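Read through the structure below, which is laid out as structure tokens, and then see the notes.
The values are calculated or read from the model by the stated rules, or taken from the named source; none is laboratory data. Note that the structure is predicted; figures quoted are calculated from it, not measured. Here Cβ is always computed from backbone atoms with ideal geometry, including for glycine, and neighbour counts include all displayed protein chains.
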Amino acid sequence: MSKTLWAVIALVLLAGSSPSYFKYRRAIQEPAAAGQQYFVVDESIWQHARPDLSDLRLYDSTREVPYKLTVESGGSETEQKQFRILQPATVAGKTQFILDMSGVEEYDRIHLKLATKDFVAHAFVEGQDDLHGPHWAALGTTTLYDLSHEKLGNNNTLQIPLSAFKYLRVTADGSVKPADIQSGTAGVIRAQKAVWRDLATTGKQEQRGRDTVLSFEISPNIPVERLVLSIDPAQKNFRREVSTQNGERFSSVGEISRIHMLRNGQKVDVEQTSLDVCGFCSANAASPGARTLQFVIHNGDDAPVKITAARLQQFERRIYFEADSAPGILYYGDDRLVAPEYDYAKLFQKDAHVESVAVNNEEPNPAYTSRPDERPWSERHPAVLWTTLIAAVLILGSIAVRSLKSAPTPN
């Protein structure tokens, strides 16, 4: 194999991830048991990694460990659970079967796996908790179909009101036979709460005229997503607008309020002392150097709100991985890396019983070496290139002049 080809292969390999190209590392403590684990991204990682965290890599003693980066911003997810199909039979010319939903807390969609193709059937669904009880509650009718022959798709999902019956009875038209009912799953919607993480910064409070101004010094790269205020319990009913300030410009964030009163015999209780500031602070997360975030509480003609504490928060960022053995070391600080693409991340499912692991303090990577300059030769040596070009022009020009002088004079 030629030396040139070996050089090309070396450059390709050098463009990837290698522990020696990271400036920082942190040892991950050994988990108590094997299985899915996670650790939380903290300020040290934010300060020295790429702003999008794309250069984070896990290594054990012999290999790179795949991971999944998540933002714990809450929401909902649907978990699919399989259920048993009981007593498939033909009743009065129709197919009838029982779905044992006792292992599913609540559901509104039931997906059936059917063996038959090219059909249209109406499925009537009923529910109750006693399998042998006489009173079944009607939950509606769904049209099941498979029109793949006409390239019009299919629907094998029963849609019903949100229910928690232990048993469902399904009666379908005869185009679906008892032997066609193979299996089924039901969707369980689970609400996920946001997980907030306090940032290691304390707000400085001052009065500017009628306004209360809170200032925070934030390190570069660190996203900010919520402002949380603690208000003196003795503070009576209030409502204040809050803005961010950049020079002379104000941008409204929202309002804080506390309302506890009786109005027309009805009790009103409102407490809003935290504000979503994602759109105002995260956009500037990658600004160079420390940045100052200022929030202005507009008191108007009222006395200033008695703020006893103020803090900034972000959604917790977690790194999930499988700990078959001690994962070893987290590396970061290679600004030429792009985000990795792992099958583990594409197929990731969060374990309900996942455990967190601790990460030791940051330290410089003792094996660090800077990446070789991978720019083209012409970009690495522009002076040599231009000197060569100028010399070539001068030589060609000299040859052209001599050629003109030596050319015979026309008669």
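Rundown of residues vs (1) surrounded by 15 or more Cβ atoms within 10 Å (Cβ to Cβ); (2) modelled with pLDDT of 90 or more, yes/no style:
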| site | (1), (2) |
| --- | --- |
| ARG258 | yes, yes |
| LYS267 | no, no |
| PHE280 | yes, no |
| SER287 | no, no |
| ASN299 | yes, yes |
| ASP302 | no, yes |
| GLY328 | yes, no |
| LYS346 | no, yes |
| VAL357 | yes, yes |
Check: Tell me, which residue of region 375-385 that is surrounded by fewer than 12 Cβ atoms within 10 Å (Cβ to Cβ) and assigned to a loop (DSSP other than H, G, I, E, B) is modelled with the highest pLDDT?
Finding: PRO376
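I'd like to verify a number: residues in region 161-172 that are surrounded by 19 or more Cβ atoms within 10 Å (Cβ to Cβ) and either under 32 Å from the mean Cα position of the chain (by Cα) or part of a strand (DSSP E or B) (or both), how many?
5
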Check: Of the residues VAL125, VAL120, VAL176, which single one is hydrophobic (A, V, I, L, M, F, W, C), under 39 Å from the mean Cα position of the chain (by Cα), over 30 Å from GLN245 (Cβ atoms) and not assigned by TED's automatic domain parsing to the domain that holds ALA310?
Finding: VAL125
Note to self: For region 329-344, check the following and say yes or no: at least one residue is in contact (Cβ under 8 Å) with a residue 40 or more places away in the chain, assigned to a helix (DSSP H, G or I) and not β-branched (Val, Ile, Thr).
What the structure shows: yes
Next item on the list: Residues being on the phi > 0 side of the Ramachandran plot and in a loop (DSSP other than H, G, I, E, B): count how many of those fall in region 138-155.
Entry: 2
Check: What strands (runs of 3 or more DSSP E) completely inside region 12-72 contain at least 3 residues that are touching a helix residue (DSSP H, G or I) at 6+ places or on another chain (Cβ under 8 Å), crowded, with 19+ Cβ neighbours inside 10 Å and aliphatic (A, V, I, L, M)?
Finding: none
Item checked: Meets criteria (among the hydrophobic types (A, V, I, L, M, F, W, C), within 28 Å of GLY74 (Cα to Cα) and in the same structural domain as LYS94 (by TED's automatic domain parsing)) for ILE160 -> yes
Notebook entry, point to check: If LEU158 passes every condition in (1) at pLDDT 90 or above; (2) not in a strand (DSSP E or B) but one, which one does it miss?
Noted result: (2)
Next item on the list: Count, please, the residues in region 184-206 that happen to be over 30 Å from LEU158 (Cα atoms), modelled with pLDDT of 90 or more and either under 16 Å from the mean Cα position of the chain (by Cα) or buried (at least 17 other Cβ atoms within 10 Å of the Cβ) (or both).
Entry: 5
Next item on the list: Return the total of residues in region 36-79 being over 21 Å from the mean Cα position of the chain (by Cα) and at pLDDT below 90.
Entry: 4
Next item on the list: Mind listing whichever residues of region 187-220 are over 18 Å from ILE307 (Cα atoms), assigned to a strand (DSSP E or B) and of a type in the set (A, V, I, L, M)?
Entry: VAL188, ILE189, ALA191, ILE218
